[in-house]
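The values are calculated or read from the model by the stated rules, or taken from the named source; none is laboratory data. Bear in mind that the values here come from a model prediction, so they are computed numbers and not experimental data. Ideal geometry is used to build each Cβ from the backbone, glycine not excepted, and the neighbour counts take in all protein chains shown. Surface areas here come from the heavy atoms of the whole protein model, side chains and all, with no ligands, DNA or RNA. Shrake-Rupley method; radii C 1.70, N 1.55, O 1.52, S 1.80 Å.
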Amino acid sequence: TPFVAQVLEFLDVQITDDNSIAALVTNSWGEITSVLQSATAAVFGFIVNTGRFLYNFVLGMVFAIYMLLFKNQIRNQINLISKAVFKKFYYKLAFTYKVADGMFFRFVAGKGLSYLAVGIITFAVCAIAGFKYAALISLIIAVTNMIPTFGPLIGAIPAVLLAMMTSPIYGLYM
């Protein structure tokens, strides 16, 4: 076929008869086996890692659903165990837990509201400027903004690259 002829010409391989094909395979057998071994190892590693990920994901989902379904029962059991173990300090610990839980909830809610505001403002500015992927850019900015200190810098890199793929001048606007 013409394609095979072009490939053989590109590889600078001359095949004139059956003996030259056998010689080519014999000479290249070491390279062929090494390529097949590395490809097999890569495929096997991919399959194992995918299986491990799926196993961990399913197990995590099962635990999360279990914890959500029985959260009141689990909370009551933890309270009973805490009362038994920390007899003298239980009420102080319970008060400290409630205060810390309230503070943490307000902190996370405030940060979440901040990230949402940043995402909406980014979307509005990108949509007004006419960016093609305004929603994706604003999502990237909002999600990476959750990372303290370096999050906005980390989020700016893919956002600028995405804007530049749409139009190079948009990368300068970012």
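Observations on the model:
- Difference of contour (0.36 nm per residue) and Cα-Cα distance, V43 to K111: 20.3 nm
- The lysine pair count for segment 9-142, using Cα distances under 19 Å and pairs eight or more places apart or on different chains, is 6.
- Label-point gap, in nm, between K71 and D101 - each point 7 angstrom along Cα→Cβ: 1.0 nm
- Note that segment 1-136 presents 87 Å² accessible area per residue, ligands and nucleic acids not counted, probe 1.4 Å.
- Most mobile of V35, V160, V85 in a GNM of the chain (Cα contacts under 10 Å): V35
- Hydrodynamic radius of the chain per Kirkwood, over alpha carbon pairs, in Å: 23.6 Å
- Computed over the chain, the per-residue total of -39500 (n - 2.57) for DSSP H runs of n ≥ 4 gives a 222 nm mean residue ellipticity of -29500 deg cm²/dmol, rounded to 500.
- Of the trypsin sites (Lys or Arg not before Pro) in segment 1-99, those whose Cβ has at most 16 other Cβ within 10 Å and which sit in DSSP loop: K87, K88
- Rounded percent of accessible protein surface that carbon and sulfur make up, segment 62-174, 1.4 Å probe: 76 percent
- Structure remark: mean-square fluctuation, Gaussian network model of the chain, C-alpha springs under 10 Å; the largest value among S20, S34, S138 belongs to S20.
- Along the chain, the longest continuous region that contains none of the chymotrypsin sites (Phe, Trp or Tyr not before Pro) in a DSSP loop with at most 13 other C-beta atoms within 10 Å is 1-69.
- Membrane-span-like helices of the chain, defined as complete DSSP H segments with a Cα extent of 24 Å or more along the helix axis and a mean Kyte hydropathy of at least 0.0, are identified as 18-69, 90-129.
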